[in-house]
Structure formats: structure tokens, C-alpha cells
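The block underneath contains the structure these notes are about, expressed in C-alpha cells.
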Amino acid sequence: MKRSSVSIARNRLRALVTSDRVNCDPAAYEEICRELYGALSKYMELTEDNFQVEINRTQVIITFLGEET
């Protein structure tokens, strides 16, 4: 499934803001997100569009958006 340009832009902006908050290189943040997605997608049905990672100085929050019931 091809990701929309809006989704890609939103994720890049989120990466820049988060990396600034935790004093982390944006490329390192993106790599962390990719590795978390890769690890979790082995055990759960995920898409990059419904997977969101937020990192701050004290915690890592992983959110799954748009889950179907």
C-alpha cells in the first residue's frame, strides 16, 4: 500500500519536533521508529499509516491508530 504524501509529511514533521525535544538527530529518531515498527509488525498486523511513535525525555509512547472493531 502506497503512503500518501500527507502522511509522509506529517511523520517527517513529527520526527523533527520530537528529535528537537529530546535532543536527538532526526535520522536517529526515524531509525528508532523503523526498528520499532519492524519488530512489532512481526507479531501484529500494522501499517505505517496507523503506527505512531512519540518519544520524549522520560518515555516512549507507541500508538496504533484506526483500529477496526
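The values are calculated or read from the model by the stated rules, or taken from the named source; none is laboratory data. Nothing here was measured: the structure is a model prediction, and the numbers come from that model. Neighbour counts are summed over all protein chains in view; Cβ atoms, including those assigned to glycine, are modelled from backbone coordinates with ideal geometry.
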Practice problem: Consider M1 carefully, then state whether it is at pLDDT below 70, more than 13 Å from the chain's Cα centre (by Cα), assigned to a loop (DSSP other than H, G, I, E, B) and surrounded by fewer than 12 Cβ atoms within 10 Å (Cβ to Cβ). | Solution: yes
Self-check item: Residue that is surrounded by 10 or more Cβ atoms within 10 Å (Cβ to Cβ), of a type outside the set (D, E, K, R), part of a loop (DSSP other than H, G, I, E, B) and at pLDDT 80 or above, where the choices are L36, L46, L40
Solution: L46
Quiz prompt | Failed criterion for L16 (all others in (1) modelled with pLDDT under 75; (2) surrounded by 14 or more Cβ atoms within 10 Å (Cβ to Cβ) hold) | solution = (2)
